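The values are calculated or read from the model by the stated rules, or taken from the named source; none is laboratory data. Because the structure is predicted, anything quoted here is derived from the model rather than measured. Quick reminder, even Gly has a Cβ in these numbers, built from the backbone with ideal geometry, and neighbours come from all protein chains shown.
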Amino acid sequence: MLVSRIDYNLLGDVFKLKETLKQSVEAVMDEKLTASHLAIDVHALLDLLDMLETQWQGTPPEDDSGGAEQEQPAEEAKAEPPPAEDK
């Protein structure tokens, strides 16, 4: 199965801004904020989504079969010399 790497920090920022945007929409509907305030939040979310899309397009999907993960520790173990024994 092919899986793309995801920047979870950026994704977390998108989710936080999504909640902020929901609150801004409600505030505009209640006439507590102007549309320009809402537009600022919308543009901030669009900027984060553009960054996420750029990262996603720049990262080719990888095979997530687990075989690559299992091979790496074995190679690292071979690379380490055995500890010297003092007698």
Please work out if Glu76 is at pLDDT 95 or above and among the acidic types (Asp, Glu).
-> no
What are the pairs, 6+ residues apart or on separate chains, where a residue within region 37-62 that is on the phi < 0 side of the Ramachandran plot has its Cβ under 6 Å from a residue that is assigned to a helix (DSSP H, G or I) and charged (D, E, K, R)?
-> Leu48/Asp13
Does region 43-55 include one or more residues that are hydrophobic (A, V, I, L, M, F, W, C) and at pLDDT below 80?
-> no
